[in-house]
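Undergrad: Next up is a structure, given as structure tokens.
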Amino acid sequence: MNIRNLLYYILISLLTPALYAQDTEYEKIVSDFVKDIAKFKGLHIKAVTTYSGIFKNSDTTNIETALIKSLFTEYDRQGRIVRIVTYDTSGSLRSTDSTEIRVSYDNMICPVYIHEIKKNGVYTDTYISYDSLNRVIKIDKVSDKSYNNSLIWYEYDDVKNCIIQFSKIFESETIYKRVFCYDGNKNIISEEFCAITPDTTRYGFTEIFEYDYDDNGIIKQKLRIIKGKQHDIDTVAYIYNSAGKEIEETLRHSIPTEKSVIEYNDRNEPVKKTSYWGKEKLKVIENEYDNEGKITRSKIKIGIELKEIYIEKFEYYFFED
């Protein structure tokens, strides 16, 4: 996961159906990488620094010579993100694209306020409200640049087991509506999207999810069928291993076929993901872990003949007991 994606994950993930009633706050706001840290809470991780560099040749041993940016993620003793800071190549906050994010929580475990400020002074404040069941009901994003403002609100249909999300950007009169419905195992089974204007409702798309489980209830395969108004837009097939880990993703309607293959080590940690466009490899991600299962290094090769190499190195800091 690159720095930009991780930096904005807190805000982006709040806009997704991950805000399910039984999910913990920890699962709501953190990335897949950070969620992996949950199992290391006994190690009292205080912070993680991610160093990122781009290499123009095969020698990737010294990331400092190719550093483009670093990211510092700080946690409290409960494993919750409290601060994220990006630094420029000199290790300072002087760059105008350097950013600091701070997260505040209520007396429970729910994030209620996120403050993001860039070095150039542009800021964004995000306020999150909950109902009595700790389900998100409103996300109000306010910036000193008003065109960045947005409002998202949620309704819950407990009978149909659905979440209805409405969103509105800036001063637009258009309201975007998404309906996420789940089965009894909290697996999403459908998603519908449409845009509502004062005059009409414009059809968007519908996604249908189908699941296949083994005798032990572990998922073997999932189909994601994306339907347009007249016909299916695409079908995405996901295949899983015996531990329920995704090992293959294929877009069936694309020409040539787009496919990703994921490989795991003996501890079921993802060590390699290869993305194909037909028979050509477009992207390869390789992860390394320490003996405790913490990711320590990620190598991403992209582009024609995979000549562009992107490295992420992770360093961990711990609370003193």
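Undergrad: Against the definition (within 30 Å of Ser52 (Cα to Cα), of a type in the set (Val, Ile, Thr) and in contact with a helix residue (DSSP H, G or I) (Cβ under 9 Å, 6 or more places away or on another chain)), how does Ile295 come out, yes or no?
TA: Yes; evaluated as a whole, the condition is true for this residue.
Undergrad: Name the single residue that is modelled with the highest pLDDT among those in segment 156-184 being over 23 Å from the mean Cα position of the chain (by Cα), hydrophobic (A, V, I, L, M, F, W, C) and more than 15 Å from Arg202 (Cβ to Cβ).
TA: Among those that are over 23 Å from the mean Cα position of the chain (by Cα), hydrophobic (A, V, I, L, M, F, W, C) and more than 15 Å from Arg202 (Cβ to Cβ), it is Val159.
Undergrad: Give all pairs with beta carbons closer than 9 Å in which a residue from segment 243-258 that is at positive phi meets a residue that is of a type in the set (Lys, Arg) and in a strand (DSSP E or B); count only pairs at least 6 apart in sequence or on separate chains.
TA: These pairs meet every condition: Gly244/Lys220.
Undergrad: Next question, about the same structure. Is there any pair with a first residue in segment 199-218 that is closer than 23 Å to Glu173 by Cα and in contact (Cβ under 8 Å) with a residue 24 or more places away in the chain and a second that is β-branched (Val, Ile, Thr) and surrounded by 13 or more Cβ atoms within 10 Å (Cβ to Cβ) whose Cβ atoms are under 7 Å apart and which are 6 or more apart or on different chains, and what are they?
TA: Listed pairs, sorted by first residue: Phe205/Ile226; Phe205/Ile233.
Undergrad: Being of a type in the set (Gly, Ala, Ser), exposed (fewer than 12 other Cβ atoms within 10 Å of the Cβ) and touching a residue at least 12 places away in the same chain (Cβ under 8 Å) is the requirement here; does Ser190 meet it?
TA: No; evaluated as a whole, the condition is false for this residue.
Undergrad: Condition (residue is of a type outside the set (Ser, Thr, Tyr), modelled with pLDDT of 85 or more and either under 30 Å from Asn291 (Cβ atoms) or out of contact with any strand residue (DSSP E or B) (no Cβ under 8 Å at 6 or more places or on another chain) (or both)) applied to segment 98-116: is it met by at least one residue?
TA: The answer is no, given that none of the residues of segment 98-116 is of a type outside the set (Ser, Thr, Tyr), modelled with pLDDT of 85 or more and either under 30 Å from Asn291 (Cβ atoms) or out of contact with any strand residue (DSSP E or B) (no Cβ under 8 Å at 6 or more places or on another chain) (or both).
Condition check ((1) in a loop (DSSP other than H, G, I, E, B); (2) at positive phi; (3) aromatic (Phe, Trp, Tyr); (4) surrounded by fewer than 16 Cβ atoms within 10 Å (Cβ to Cβ)) across all residues:
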residue	(1), (2), (3), (4)
Val142	no, no, no, yes
Tyr154	no, no, yes, no
Lys168	no, no, no, no
Val179	no, no, no, no
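Undergrad: Those residues that are touching a residue at least 40 places away in the same chain (Cβ under 8 Å) and surrounded by 17 or more Cβ atoms within 10 Å (Cβ to Cβ), I need them from segment 281-297; list them, please.
TA: The answer is Lys294, Ile295.
Undergrad: Can we say Ile188 is under 28 Å from Ile114 (Cα atoms) and more than 20 Å from the chain's Cα centre (by Cα)?
TA: no
The values are calculated or read from the model by the stated rules, or taken from the named source; none is laboratory data. All values derive from a computational prediction rather than experimental measurement. Cβ: placed from backbone, ideal geometry, glycine included. Neighbour counts: every protein chain shown.
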